[in-house]
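Novice: This is the structure, below, for whatever I ask next.
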Amino acid sequence: MPMSSTATSKLSVLIVGCGQIAGGYDADHDDALVRTHAKALTRHGGFRLAACVDPDAERRGGFRRRWGVAEDFAGLDAVAERRFDLACLCSPPEFHAAQLDTLLAMDVGMVFCEKPLTAAIAESRRLVAAYAAKGRPLAVNYLRRWDPAVAELAAEIAAGHWGGLLSAEGLYTKGIFANGSHLIDLAHCLLGPLAPRGVTRVVADYLPHDPTLEGWLHTATGAPLYLRAGDCRRFTVFELDLLFEAGRVSFTESGFTIRRRRVVPDARFDGYRVLEAGESRPTGLGTAMLDAVGNLHRHHLAGEPLASTGVTALAAHDICAALMGMADDRRTQ
């Protein structure tokens, strides 16, 4: 149930971790692009940045001044007795489990956690169950679920406008958990449940415990999703290409553009069917963080369903962990 609040009151926010995703990426930008929690919360207008927490005094002080946060503290223990409508967990994944436990014990209306949920699948499962048992809303920042272009395409696919999926291919860099989970979550959002089938290559382009994996998965209908690895030491890339019976849809430029191509008669050869040229158009990814906090605000006031939850994030984490297990088995053979 939504917490009691009035339509005109601003929701109080605690930000845990004052690094890049919290506000750093936007610290020197006043453009239309919304990259971070702080900029989204400030732009929305329905939130009040009540406090921030970070062990680095210089970093949290700079964050507080840049974003107009009322108070700053070195650790969560300093605000354990305070109440907040929303806590944004923006710390590194290895700290998430302990901090999510602490936030669950605090008087916090809802939690918006950066991905991955935790550094270990068992901890993610435990915490998703614990938050559900307490009735504490838990959103996870798989940002593309708040992109209106993704929601529109998901509705079209569900309605059968593109026919059955023939195959899909995802291209990514920078770790199966760090970035690959975004790709898997996007595919899950659009195509439904996915089952990992195998790993064919391991690229150590990121952290030692988070390599970029090549492999394949199957949808519920048996259509394959192939994962292809780049190398973030050269450049970053994130693309998803979906081949349907009735056409082709491609996300490029890290998901900032989408290209739809329908099947049409071939003008050059009678009896053949080809893909139209189509055109690339911007998605709403550039302001999806603003849509995310809007969803959180409406959830708090009116119970609107959250677009990305602990349950949906856990599905992506489960798949990444299974693929990582396959990669470990492959490396020990």
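Novice: Let me know the charge dipole size of the chain about its Cα centre in debye, to the nearest 20, where only the beta-carbon of Lys, Arg (+1) and Asp, Glu (-1) is charged. Walk me through the numbers on the way to the answer.
Specialist: Values: 36 positive and 39 negative charges, 48 e Å.
Its charge dipole is roughly 240 debye.
Novice: So, with +1 on the Cβ of K and R and -1 on the Cβ of D and E, and no other charges, what is the size of the charge dipole of the stretch 257-296 about its Cα centre, to the nearest 20 debye? The partial results should precede the final answer.
Specialist: Details: 7 positive and 5 negative charges, 15 e Å.
My answer is approximately 80 debye.
Novice: What longest range of the chain stays clear of loop-exposed chymotrypsin sites (Phe, Trp or Tyr not before Pro) (DSSP non-H/G/I/E/B, at most 11 other C-beta within 10 angstrom)? Please list the in-between numbers first.
Specialist: Values: sites that count: F235, F269, Y272.
The longest uninterrupted stretch comes out as 1-234.
Novice: Restrict the search to the stretch 59-99; then list the GluC sites (Glu not before Pro) that DSSP places in a loop and that have at most 15 other Cβ atoms within 10 Å of their Cβ. Can you show the working numbers first?
Specialist: Working: sites: E71, E81, E94; in loops: E81.
Qualifying residues, ordered by number: E81.
Novice: Just want the answer: with Cβ charges of +1 for Lys and Arg and -1 for Asp and Glu, which residue in A132, L153, G310 is farthest toward the dipole's positive end in the chain?
Specialist: Farthest towards the positive end: L153.
Novice: Sticking with the crude label model, points 7 Å out along Cα→Cβ, report the distance from A267 to A158 in nm, one decimal please.
Specialist: 3.7 nm
Novice: Right, here's the next one. Once the Cα atoms of helix 148-158 and of the chain are each reduced to a long axis, what angle between those two axes, in degrees from 0 to 90 to the nearest 10, is obtained?
Specialist: With rounding to tens, the tilt is 50 degrees.
Novice: Please report, to two decimal places, log10 I(q)/I(0) for the stretch 181-333 at q = 0.18 Å⁻¹ as given by the Debye formula with identical point scatterers on the Cα atoms and no solvent.
Specialist: Relative scattering, expressed as log10 I(q)/I(0), comes to -1.23.
Novice: For the stretch 1-150, what is one quarter of the convex hull surface built on the Cα atoms, given in nm²?
Specialist: Here the figure is 9.4 nm², rounded to one decimal.
Novice: Collect residues whose amide H, placed 1.01 Å from N in the peptide plane, falls under 5 Å from the amide H of Y206; neighbours closer than 5 in sequence don't count.
Specialist: The list, which skips near neighbours in sequence, is T212.
Novice: Next up: Tell me, what is the Rg over Rh of the chain, with Rh the Kirkwood radius over Cα pairs? Present the calculation step by step, with values, prior to reporting the outcome.
Specialist: On the way: Rg = 20.8 Å, Rh = 21.0 Å.
Using only Cα positions, Rg/Rh for the chain is 0.99.
Novice: Per DSSP helix of 4 or more residues, -39500 (n - 2.57); summed, then divided by the residues of the chain. What does that give at 222 nm, rounded to the nearest 500?
Specialist: Details: 8 runs with 103 residues, N = 333.
Using -39500 (n - 2.57) per qualifying helix, the result is -10000 deg cm²/dmol.
Novice: Right, here's the next one. Expressed as a rounded percentage, what relative contact order does the chain have, with Cα pairs under 8 Å and six or more residues apart?
Specialist: Values: 680 pairs, mean separation 59.9, N = 333.
Relative contact order for the chain comes out at 18 percent.
Novice: Suppose we keep just the DSSP beta bridges with both residues in the chain; what percent of those would be antiparallel, to 5? Walk me through the numbers on the way to the answer.
Specialist: Values: 38 of 65 bridges.
In the chain, DSSP labels about 60 percent of beta bridges as antiparallel.
Novice: Where nothing but the Cβ of Lys and Arg (+1) and of Asp and Glu (-1) is charged, how large is the charge dipole of the stretch 250-333 around its Cα centre, in debye to the nearest 20? All intermediate terms of the calculation are to be shown ahead of the outcome.
Specialist: Details: 10 positive and 10 negative charges, 47 e Å.
Roughly 220 debye for the stretch 250-333.
Novice: Now a separate question. Less than 14 Å Cβ to Cβ from L49, Lys/Arg counted +1 and Asp/Glu -1: what total charge do the surrounding residues give? List each step's numbers first, then the result.
Specialist: Numbers: positive: K10, K39, R43, R48, R60, R64, R65, R66, R82; negative: D26, D54, E71, D72, D85.
Neighbour charge sum, excluding L49 itself: +4.
Novice: Right, here's the next one. So for the stretch 161-263, taking the charge dipole from beta-carbon charges (+1 Lys/Arg, -1 Asp/Glu), which of G170, T200, A246 sits furthest toward the positive end?
Specialist: The listed residue farthest towards the positive side: A246.
Novice: Still on this structure: Test of understanding: given the chain, find the longest segment containing no trypsin sites (Lys or Arg not before Pro) that are in a DSSP loop and have at most 13 other Cβ atoms within 10 Å.
Specialist: Numbers: sites that count: R233, R234, R268.
The reported range is 1-232.
The numbers here are math on the coordinates, done by the rules we state, and not lab data. This one's a predicted model, so the numbers in the text were calculated from it and none came from an experiment. Don't worry about glycine lacking a Cβ; one is built from the backbone with ideal geometry, like all the others, and counts go over all protein chains shown.
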